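Down below is the structure, laid out as structure tokens.
The values are calculated or read from the model by the stated rules, or taken from the named source; none is laboratory data. All figures in this text were calculated on a predicted structure; none of them were measured in a lab. Positions of Cβ are generated from backbone atoms using ideal geometry, with glycine treated the same way; all protein chains shown enter the neighbour counts.
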Amino acid sequence: MKVYLVGGAVRDKLLGKTVKDRDWVVVGSTVENMIEYGYRQVGKDFPVFLHPHTKEEYALARTERKSGHGYTGFTVHADPDVTIEEDLSRRDLTVNAIALDENDQFIDPFSGIDDLNNKVLRHVTEAFEEDPLRVLRVARFHARFFHLGFSIAEETKVLMSRISTSGELEALTPERVWTEVQKAITEKSPSQFFLTLKECGALEVLFPEIFRLFGVPQRADYHPEIDTGVHTMMVVEQAAKLTEDAEVRFAALVHDLGKADTPDDVLPRHIGHEGRSEKRINQLAARLKVPSSYLQLSRLVAKYHTHCHQANELKASTIIKLFENLDAFRRPERFEKFLLVCKADALGRKGFEESDYPQSDFLRTLFQACRDVEAKQFVTQGLQGAEISLAMQRKRTQVVAIKKESLIF
């Protein structure tokens, strides 16, 4: 029985990054042996075990053979005779197909260390093409390592394109696609995930709402980058600079989906795109089974982001209505996320990347002033129920009307 450290832990160790999770492969053992040693089996499709003390995952060395459609259509063979090299050969990228033995010696049959040094993401074998999920995984790794100068090997791009046109992507479950999206938007350069998918033809298949944004023009005086798809990618990158919050980044990604539905005779203006965006977000979220917290923020951003941009021009009563529609008084943390997405939207334009966005502080200050208006002062006046709510709304409107005069920008 031999134990090897494998996968991301080895890759990150070679890159000088902090190793967070460690995965192990066991060669020369059986299920019975592992259970006898105190390991607890957790894998359903293939033998994976938890270490009795560290709880880290240990998997028996295995090989895989394509037996059906999609990423689950594989027959797994785990046997004491399977070598570490055979186990590594089933992995997606050479940089993930490196093992480290108990003597700190690297096992690198596919030159993954060279590819790390050359900053190349390359498939291990032609078997890469058998698993459609790998298109998403490579795009995600590109988003993770793009800032370090990594690129995807041309021959790997060819395989990704072939998968995209094969119909195999349609076999991916919504849950699995969403899992990859959720991980990708938290990477260092999330836009590269979607740009990579666009290049290989997968974006049109999996995310048609995003794909349709590319080539749609906007007014050059507001959007010097003109292309709505380009703008969307810029907004996602700005959101990534502002926060690691995945909900904010996702809302940034989908906030303008309705611009793809603007009638040709209206372009490059996009009157009413807010409502159209909300409908497209609902469509995408239903298909991918997006969590409700992501959906709620995204819909609010789509519907009200132009209100935020024009905050200085809004009447006091409209500002109060905005706070109420955002449910800001009960959900102040979501209000903060809303402001972050709006700021990313404003900065996600060519030439505006380093601009100020005073609207955030303007609305934030007015909101705080409104929060100082409390119900108890109206209770003492003898008001009840709906009368209290109406009185608070009036008072908050008065407060905003006075306060905003000193904040005009």
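For region 167-179, a tally of residues being buried (at least 19 other Cβ atoms within 10 Å of the Cβ) and not hydrophobic (A, V, I, L, M, F, W, C) returns 1. You will find that of Phe110, Phe150, Phe193, the residue that is over 23 Å from Ala239 (Cβ atoms) and of a type in the set (Phe, Trp, Tyr) is Phe110 and no other.
Of all residues in region 332-356, which are of a type in the set (Phe, Trp, Tyr) and under 16 Å from Val301 (Cα atoms)? Residues satisfying the conditions are Phe335, Phe338. The set of residues in region 61-98 being in a strand (DSSP E or B) and at pLDDT 95 or above consists of Leu93 alone. Of the helices (runs of 4 or more DSSP H) lying entirely inside region 130-228, those carrying at least 1 residues that are among the small types (Gly, Ala, Ser) are 133-145, 154-166, 174-184, 191-200, 202-206. Being buried (at least 20 other Cβ atoms within 10 Å of the Cβ), small (Gly, Ala, Ser), touching a helix residue (DSSP H, G or I) at 6+ places or on another chain (Cβ under 6 Å) and closer than 17 Å to Asp256 by Cβ: is that true of Ser164 here? No, not satisfied. If you check Val216, Val236, Val205 for being among the hydrophobic types (A, V, I, L, M, F, W, C), under 19 Å from Ser277 (Cα atoms), touching an Asp or Glu at 6+ places or on another chain (Cβ under 8 Å) and in contact (Cβ under 8 Å) with a residue 40 or more places away in the chain, only one passes: Val216. For region 335-353, the set of residues classified as farther than 23 Å from Pro224 by Cα and either surrounded by fewer than 18 Cβ atoms within 10 Å (Cβ to Cβ) or among the hydroxyl-bearing types (Ser, Thr, Tyr) (or both) consists of Glu336 only. Give the residue that is surrounded by the most Cβ atoms within 10 Å (Cβ to Cβ), with candidates limited to residues of region 117-136 that are touching a Ser or Thr at 6+ places or on another chain (Cβ under 8 Å) and among the aliphatic types (A, V, I, L, M). Among residues in region 117-136 that are touching a Ser or Thr at 6+ places or on another chain (Cβ under 8 Å) and among the aliphatic types (A, V, I, L, M), the one surrounded by the most Cβ atoms within 10 Å (Cβ to Cβ) is Val135. Can you pull out the residues in region 1-34 that are free of Cβ contacts under 8 Å to residues at least 40 places away in the same chain and either exposed (fewer than 13 other Cβ atoms within 10 Å of the Cβ) or in a loop (DSSP other than H, G, I, E, B) (or both)? If the condition is that a residue be free of Cβ contacts under 8 Å to residues at least 40 places away in the same chain and either exposed (fewer than 13 other Cβ atoms within 10 Å of the Cβ) or in a loop (DSSP other than H, G, I, E, B) (or both), then Met1, Gly16, Lys17, Thr18, Val19, Lys20, Asp21, Arg22, Glu32 are the ones that fit. With a requirement of 3 or more residues that are of a type in the set (D, E, K, R), the helices (runs of 4 or more DSSP H) lying completely within region 290-353 that satisfy it span 332-347. For residues that are closer than 26 Å to Ile185 by Cβ and outside any loop (DSSP other than H, G, I, E, B), scanning just region 105-128, find the one that is modelled with the lowest pLDDT. Per the criteria, the residue is Phe128.
Are any residues in region 354-409 in contact with a Cys (Cβ under 8 Å, 6 or more places away or on another chain) and either exposed (fewer than 12 other Cβ atoms within 10 Å of the Cβ) or of a type in the set (Lys, Arg) (or both), and if so, which ones? Hit for region 354-409 is Arg396, nothing else.
Within region 240-251, can one find any residue that is more than 25 Å from Arg137 (Cβ to Cβ), outside any loop (DSSP other than H, G, I, E, B) and over 19 Å from the mean Cα position of the chain (by Cα)? No.
For beta carbons closer than 7 Å, sequence separation of 6+ or different chains, a first residue in region 262-277 that is outside any helix (DSSP H, G or I) and a second that is basic (Lys, Arg), the qualifying pairs are Pro268/Arg219; Arg269/Arg219; His270/Lys259. For region 135-157, a tally of residues being under 13 Å from Ala184 (Cα atoms) and either free of Cβ contacts under 8 Å to residues at least 24 places away in the same chain or not aromatic (Phe, Trp, Tyr) (or both) returns 9.
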